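Colleague: Sharing a structure, written as structure tokens. Questions coming.
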Amino acid sequence: MSQGFSYNNNSFNVANTFNYTASDDESKILAWLSPLEPWVRHRDIGAERVDGIGAWLLETEEFKRWHNAPREDEFNHPTLFCDGNPGVGKSYIM
Amino acid sequence: MVALIGCNNSSLVIDKLCDEAGEGDTSVMCFYFDFAARNEQSPVNMLGSMLRQFVSGLKKIPEAVVRDFQKQKNGIGGRGLQVPGIMKMFQAIAATKRMFICVDALGECVPEHRMVILESLRQILQGSSNTRLFMTGRPQVRSEVERRLDGVATFISIQPTEDGVIRYLRDKLRKDTTPEIMSNTLEAEIMKLIPEINSETYVETSARERLP
């Protein structure tokens, strides 16, 4: 039996926002890859987030370089790590 | 069918990445560590979740993944999925696509798992020049990130800003379920004192962190 299934429920991929009917096997394969559902936590955080808080991060040179610069740029690192003490709002920034 | 979530105004960095990617060939994956869920958030489940999100964004599940699934289905017992198997699938399908991997609260991942996960993320970055990794965590894990990722990381310290604290307080006061017991004087005091306390706490914490 097939079931209604939206790929976008499992992904933050922006290229494919379509819905389609996946076979049982496809759903089983996705569940086999991982039973975890981080998008649930993502949605919960989003519901609590206050607009505008942390927006300064997007304006930093570090973020812009990480986001836009080509990998060949010797000063550009592929990893950006934001550290902060508990409660400063790190999860809301992500 | 369950409701769609996608990229709809629910975060800062993830929204930005999704918005700017537009209709391009970009995948944005995320993971939130939680100490209370440490048993389920094993390296296999975490990395599997990344792969699941990546695969979910494709029009068709790649052959490499289907093949491995069929293989384990014919085996005896267990889920049969291991970290090396996930990494092999990642390398087979993800090398050419632009990927953003976002990981929250790295410090809430147990050290034994964290070691495996950081090593695996390092391998993903090494194998795919189009991949970017965004992580958050407590300052205590910073040196570990630096060491495990061969020093190829940029670091930013997250501190509460006065504007952020004020916005947060205003939001909380607006959503107060018992506004009748809030007086104008108390509200004004909250709006004045808490940002000041926050600022003092931050100065004190910063000074302590700088001590040898």
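Colleague: Please give the charge dipole size of segment B:80-167, origin at the Cα centre, charges +1 on K and R Cβ atoms and -1 on D and E Cβ atoms. Round to the nearest 20 debye.
Modeller: Charge dipole of segment B:80-167: 340 debye, to the nearest 20.
Colleague: What nm distance separates the two modelled labels at B:Phe35 and B:Gln91, each placed 7 Å from Cα along Cα→Cβ?
Modeller: Going from the B:Phe35 label point to the B:Gln91 one covers 3.5 nm.
Colleague: Hey, another quick one. For peptide B:132-142, how many partner chain Cβ atoms fall within 10 Å of a residue's Cβ, on average?
Modeller: Neighbouring Cβ atoms belonging to other protein chains average 6 per residue here.
Colleague: Strictly over 19 Å apart at the Cα level, which of A:Lys90/B:Lys192; A:Lys28/B:Lys73; A:Lys28/B:Lys59; A:Lys64/B:Lys16; B:Lys60/B:Lys97 would you flag in this model? Write out the running numbers ahead of the final one.
Modeller: Numbers: A:Lys90/B:Lys192 24 Å; A:Lys28/B:Lys73 11 Å; A:Lys28/B:Lys59 16 Å; A:Lys64/B:Lys16 11 Å; B:Lys60/B:Lys97 15 Å.
From A:Lys90/B:Lys192; A:Lys28/B:Lys73; A:Lys28/B:Lys59; A:Lys64/B:Lys16; B:Lys60/B:Lys97, over 19 Å: A:Lys90/B:Lys192.
Colleague: Can I ask one more? With point charges of +1 on the Cβ of Lys and Arg and -1 on the Cβ of Asp and Glu, referenced to the Cα centre of segment B:28-70, which listed residue (B:Tyr32, B:Gln70, B:Met46) lies farthest in the positive direction of the dipole?
Modeller: The listed residue farthest towards the positive side: B:Gln70.
Colleague: Take every residue in peptide B:159-168, count the Cβ atoms of other chains within 10 Å of its Cβ, and give the average of those counts.
Modeller: 5
Colleague: Between B:Lys60 and B:Asp176, how many nm apart are label points set 7 Å from Cα along the C-beta direction?
Modeller: With each label placed 7 Å out from Cα toward Cβ, I get 6.0 nm.
Colleague: Starting with the highest mean, order B:37-49, A:40-52 by the number of other Cβ atoms within 10 Å, averaged over the residues of each peptide.
Modeller: B:37-49, A:40-52
Colleague: For peptide B:102-115, compute the average count of partner chain beta-carbon atoms within 10 Å of each residue's beta-carbon.
Modeller: Shielding by partners across B:102-115 averages 2.
Colleague: Which one, B:Ile158, B:Ser183, B:Ser143, is farthest towards the positive end of the dipole of segment B:142-195 when Lys and Arg carry +1 and Asp and Glu -1 on their Cβ?
Modeller: B:Ser143
The numbers here are math on the coordinates, done by the rules we state, and not lab data. On a predicted model such as this, the values are computed, not experimentally measured, just so you know. In this analysis, Cβ positions are derived from the backbone assuming ideal geometry, glycine residues included, and neighbour counts consider all displayed protein chains.
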